[in-house]
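Here's the structure we're looking at; comments come further down.
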Amino acid sequence: MDGVYVGKAGPDAAGDRGWLLGHFKPSGDLRYSEDVEIKWGVHPRGERRAEWTNGEKRTALLVLISGRFRMEFPERDVVLKEQGDYVVWGRGVDHSWEAEEESIVMTVRWPSIPGYRVEPPAASG
């Protein structure tokens, strides 16, 4: 191992619900970190976060790569419309989101803390 990892965001992210780097990667993997998490989020139009965060303990940055993406905060909503639009929120600021159009976003959160995973809604059938 030469201390370098080369990947492709789409396929790599598919294995961990979009997350490329963070505490959830195996120890010893270059993508393992307790300091930061990075997500490549691909969201179809109309997709919403399953539930609001509760007791947010991280700071986060979300950057719009493509599409139109709405971040919901207790005091206001922020709509990211143009490539490169971004929003930062701090500890204690809970949130939710909705993809108003098919969207790709990159999220960086710090620190990487276990316990924030939200299970997707069960498929009806």
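If THR59 passes every condition in (1) loosely packed, with under 13 Cβ neighbours inside 10 Å; (2) at pLDDT 95 or above but one, which one does it miss?
Unmet condition: (1).
Of ARG31, ARG48, ARG68, which residue is surrounded by 12 or more Cβ atoms within 10 Å (Cβ to Cβ) and at pLDDT below 95? Step through it out loud before you land on a result.
Working: ARG48 fails: at pLDDT below 95; ARG68 fails: at pLDDT below 95.
Selected residue: ARG31, the only one of ARG31, ARG48, ARG68 that is surrounded by 12 or more Cβ atoms within 10 Å (Cβ to Cβ) and at pLDDT below 95.
Hey, GLU100 hits all of (1) modelled with pLDDT of 95 or more; (2) closer than 22 Å to ASP12 by Cβ but one; which does it fall short on?
(2)
Scan segment 65-74 and tell me whether some residue there is of a type in the set (Asp, Glu) and not in a strand (DSSP E or B).
First, the residues of segment 65-74 that are of a type in the set (Asp, Glu): 72.
Adding the requirement that they be not in a strand (DSSP E or B) leaves none.
No, because not a single residue in segment 65-74 is of a type in the set (Asp, Glu) and not in a strand (DSSP E or B).
Quick one: in segment 71-105, which of the residues that are touching a residue at least 40 places away in the same chain (Cβ under 8 Å), out of contact with any Lys or Arg (no Cβ under 7 Å at 6 or more places or on another chain) and closer than 17 Å to THR59 by Cβ is surrounded by the fewest Cβ atoms within 10 Å (Cβ to Cβ)?
ASP94
When segment 19-41 is examined, which residues are found to be in a loop (DSSP other than H, G, I, E, B) and either in contact (Cβ under 8 Å) with a residue 60 or more places away in the chain or touching a Cys at 6+ places or on another chain (Cβ under 7 Å) (or both)?
First pass over segment 19-41, keeping only residues in a loop (DSSP other than H, G, I, E, B): 23-31, 33-36.
Across segment 19-41, the qualifying residues are HIS23, PHE24, SER33, GLU34, ASP35, VAL36.
The values are calculated or read from the model by the stated rules, or taken from the named source; none is laboratory data. Because the structure is a prediction, the values reported are computed rather than measured. Cβ coordinates were reconstructed from backbone atoms using ideal geometry, including for glycine residues, and neighbour counts include every protein chain displayed.
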